[in-house]
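The values are calculated or read from the model by the stated rules, or taken from the named source; none is laboratory data. Only a predicted model underlies this, so the values are computations on that prediction, with no experimental measurement involved. All Cβ positions, even for glycine, are placed from backbone atoms using ideal geometry, and neighbour counts span all protein chains on display. Ligands, DNA and RNA are stripped out before the accessible areas are found, and what is left, the full protein with its side chains, is counted by its heavy atoms. Shrake-Rupley method; radii C 1.70, N 1.55, O 1.52, S 1.80 Å.
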Amino acid sequence: MIVPSAPLASVGFLVPKEVISLATAGLHRAGNLLDWLPRRYEDRRRFDAFPAQAGGPAVCLRGTVVDSMKRAFGPRRKFYEAVVMDGTGGVFGSGKVTCRWFNMPFIHKMVAAGQEVIVYGKPKDSGGKLVIDHPEFEVIRLDGGPSIHLERMVPIYRNVSGIAQRRLREIVHELLGAMDPLALAPAFDVDPSYPRHEAYREVHFPEAVEQAEAARRRFALEEFFALQLNVVWRRARNHEHTGRVLGTKTSLLKRFYETLPFDLTGAQKRSIKEIVADMREPRPMNRLLQGDVGSGKTFVAMASMLLAIDSGVQAALMAPTQILAEQHFLTFRKWLEPLGVRVMLKTAAKEEGTHLPLEGTPQVLIGTHALLYDKVAFQDLGLVVIDEQHKFGVTQRSRLIAQGITPDVLVMTATPIPRTLTMTIYGDLDVSILDERPAGRGKMVTALRTTAKQTEITKFVKDQLDAGRQAYLVYPLVEESETLKAESATEAFEKWQKRLPAFKVGMVHGKLDPEQKEDVMRRFRDNETQALVATTVIEVGVDVPNANLMIIHHAERFGLAQLHQLRGRIGRGEHKSYCILLTDGKSAEGMEKLAVMEKTSDGFVIAEEDLRLRGPGDVLGTMQSGLGDIRFADFLADTALLREARALADQVIREDAMLSDTHAALRGLIHEKPSTVDQRG
Ligand SMILES: Nc1ncnc2c1ncn2[C@@H]1O[C@H](COP(=O)(O)OP(=O)(O)OP(=O)(O)O)[C@@H](O)[C@H]1O
């Protein structure tokens, strides 16, 4: 009996050449091969009718090779051709299709007249003939007895160079039969009613599509369980720390409310309530404040900080970039200094190896995440607000804890991420959601333009500026080169200066140093400049409510999440706003993405579309390496499974918090080092 850890080299029915081919495809052990899912299934109980015309989806045909020959287009392009006839005599459709293989000199050894075959591919038209180029192709061998290759659902795997599909299928089939069912049983079974060895058999050789899907779901549940166990484990560890009781005094908060020119939204009030309740608990708060762009997170953060300060401790705000730290600093100073709160900005003079001295003891200290490395700055840190934007910095939280500091932690994120991902990445946090837009915001229109003329665009910008508004003119980064990036913005800047002679145009990009950036932003905020040529440095956190127009050039080059963040810079004031997405319309993929932007402004919808368009592998990026491999689960569709996994994980940790007793076998699933994930497109 074979166990999953057995090297394939030790598997008797494999010849050495096959072992090498499998190893080249990354398959080294029996378990690897079992986990290697079919790419698709072919239902060989019923084949498609031979198509009557080209176009349409891929078809799966069964027929006989009636003729085959080497041919050529001119002297160079050699190809091999096989005519396949419908076994039923051409009752349906054309009854005949020609398969072609280009530049595959060895193919004639594999395909010959008289063979009965199965071909799979998209039929197209070539000079009036129906052809399938490079079809998937399998020769039927009728060797008597029930076959795993015919009259059933058949798995089709990704190609392994050196091993034919048919042989691959035989290998997996034989392996399944030789596996030790006991060795396949997991330490903790997420679904004892469905033995794992059966699930393996059914995922490879299902009797029906539904069976394959049921098996996939079982494995997906296992994957989610492993993820959620980590999440619940971290949460339990957080709860072991003792923090302090804060937030019992509320006089500063009351005065803050009185100075605000607007009422907080219901969602803001609710979040603050949840935060207060957490802060009053002796264990450290670990809360996520999730809100779409412009939902008013900053004010919730300020309220929380005031509660901390009123209890006599310090509060810190960590931003992902210097420019954001500066922006926060200005906002916090504006609102908190009138209340007598000392707000300070810790500038990153790290490169020079010095830290700028801070005068006096700050009550609110604002800086980049580098603040973490600086114990001196804090005398009595009670609350940390982490502004993560795109960065999912699980590491930041654990680093604080590792330093022996266990303040209350509030993580703010504006990144719309699908709920399933929130449950995974932030699953160890309690969540407050700002799902309400502040009142008094103007309407927002997003328009996709593929053929806009510059004169029209310029006129539109002029009209808005004439009406007293301001505009962002956004250009994409050229990722490879900071210098190029600056140049393309510079070029655009010069052009816009000429186009808008009556107005002042500013420019901001990543090459400017922090003071220059701040100066440019300040002038735009104060309406000293009316148009701002910008790269994505403005994508997060910038708040200029009078700016109501954004023109995004080469919009197809931005990721969806990024576009959403960019657009979030407008629509923050009372005026109607316009986001114009300019693109040449050449990329279908790009157009699909931009159409999403045109259709919705809901960050969650956009996040899910992003996941759908880019695929979880891309969106999740490095999370996969940090939190385990996701192969079976679908982050978009399997929400219910994820919840089930969470409930199971909760139960396990409830029964055995340290995984040292009844569930000790699960200890191996815990990753001690959480990863940082970056979702930038
Ligand atoms: N309750 C409210 N009523 C009216 N305006 C509000 C309210 N809360 C916040 N604002 C205003 O809305 C704008 C956005 O608020 P804030 O900067 O806190 O949002 P945010 O969620 O941090 O946004 P982003 O992630 O886009 O930076 C600011 O101009 C702020 O003054």
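With a sphere of radius 12 Å drawn around the Cβ of His663, what net charge do the other residues whose Cβ falls strictly inside it have (Lys, Arg +1; Asp, Glu -1)?
Numbers: positive: Arg654, Arg667; negative: Asp189, Glu655, Asp656, Asp661.
That works out to -2.
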Sequence-distant aspartates and glutamates (8 or more away, or on other chains) whose Cα lies within less than 18 Å of Lys254 | Asp263, Glu274, Asp310, Glu337
Quick one: Karplus J couplings for the stretch 72-77, per residue in order, coefficients 6.51, -1.76, 1.60, θ = phi - 60°, nearest Hz, x for Gly and Pro?
-> 8, 9, x, x, 9, 7
Exposed chymotrypsin sites (Phe, Trp or Tyr not before Pro) being those in a DSSP loop with at most 11 other Cβ atoms within 10 Å, the longest stretch of the chain free of them is 263-681
Taking a crude spin-label model, label points 7 Å out from Cα along the C-beta direction, the Ser193 to Ala370 distance in nm is 5.7 nm
Taking H as built 1.01 Å from N, whose amide H comes closer than 5 Å to the amide H of Leu434, not counting residues under 5 places away?
-> Gln290, Gly291, Asp292
Under the classification rounded if a/c is under 1.5, otherwise prolate if a/b is larger than b/c and oblate if not, where does the stretch 451-582 fall, given a ≥ b ≥ c as square roots of the Cα gyration tensor eigenvalues?
-> rounded
Which Cα, out of Ile366, Ala183, Tyr157, lies furthest along the positive dipole direction of the chain (beta carbon charges, K/R +1, D/E -1)?
-> Tyr157
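Could you please report the charge total around Thr450, scoring K, R as +1 and D, E as -1 over all other residues with beta-carbon less than 11 angstrom from its beta-carbon?
Numbers: positive: Arg449, Lys586; negative: Glu556, Asp584.
Taking every Cβ under 11 Å from that of Thr450, the sum is 0.
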On a 0 to 90 degree scale, rounded to 10, what angle separates helix 639-655 from the longest Cα axis of the chain?
-> 70 degrees
Starting from the Cα gyration tensor of the stretch 46-145, take the square roots of the eigenvalues, sort them a ≥ b ≥ c, and report rounded, prolate or oblate (rounded when a/c is under 1.5, otherwise prolate if a/b is larger than b/c, else oblate).
-> oblate
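Please compute the length gained on full extension between Arg667 and Ala236, using 0.36 nm multiplied by the number of residues separating them and subtracting their Cα-Cα distance. Before the final figure, lay out the partial values.
Values: separation 431, 0.36 × 431 = 155.16 nm, distance 1.40 nm.
Going from the current span to full extension adds 153.8 nm.
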With DNA, RNA and ligands ignored, accessible area of Asp133 (1.4 Å probe; Å², nearest 10) = 40 Å²
Can you tell me the 0 to 90 degree angle between the C-alpha axis of helix 603-614 and the longest principal axis of the chain, rounded to 10?
-> 30 degrees
Using modelled amide H (1.01 Å from N, peptide plane; none on Pro or chain starts), what sits under 5 Å from the amide H of Thr368, excluding residues fewer than 5 places away?
-> Ala319
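Per residue, how large is the accessible surface of the chain? Use a 1.4 angstrom probe and give square angstrom. Spell out each step's value before the answer.
Details: 30660 Å² over 681 residues.
Roughly 45 Å² per residue, with all protein chains present.
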Along the dipole axis of the chain (charges at Cβ: +1 for Lys and Arg, -1 for Asp and Glu; origin at the Cα centre), the most positive-end residue among Trp36, Ala214, Val461 is Val461
Longest principal axis of the chain (C-alpha) makes with the long axis of helix 482-499 (C-alpha) an angle, in degrees to the nearest 10, of 70 degrees
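Counting only protein heavy atoms and using a 1.4 Å probe, what share of the accessible area of the chain belongs to carbon plus sulfur, as a whole percent?
Working: 15990 of 30660 Å².
Ligands and nucleic acids excluded, carbon and sulfur reach 52 percent.
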Show which lysines lie in cross-link reach of Lys96 when reach means a straight Cα distance below 16 angstrom and same-chain residues fewer than eight apart are skipped.
-> Lys122, Lys124, Lys129
Where the only charges are on Cβ atoms (+1 Lys, Arg; -1 Asp, Glu), what is the dipole of the chain about its Cα centre, to the nearest 20 debye?
-> 1360 debye
Of Lys17/Lys70; Lys334/Lys453; Lys346/Lys511; Lys334/Lys443; Lys297/Lys599, pairs whose Cα-Cα distance is over 31 Å = Lys334/Lys453
For Lys273 and Thr248, extending 7 Å from Cα along the Cα-Cβ vector and measuring point to point gives, in nm, a value of 2.2 nm
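Checking the a/c ratio against 1.5 first, then a/b against b/c, what shape does the Cα gyration tensor give for the chain? Provide the component values of the computation, followed by the final result.
Details: a/c = 2.74, a/b = 1.53, b/c = 1.79.
Oblate, since a/c reaches 1.5 and b/c is not below a/b.
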Under 5 Å from the placed amide H of Glu42, counting only residues 5+ away or on other chains, we find Val154, Ile156
The local net charge around Gly382, scoring Lys/Arg +1 and Asp/Glu -1 for residues other than Gly382 whose Cβ lies under 14 Å from its Cβ, equals -1
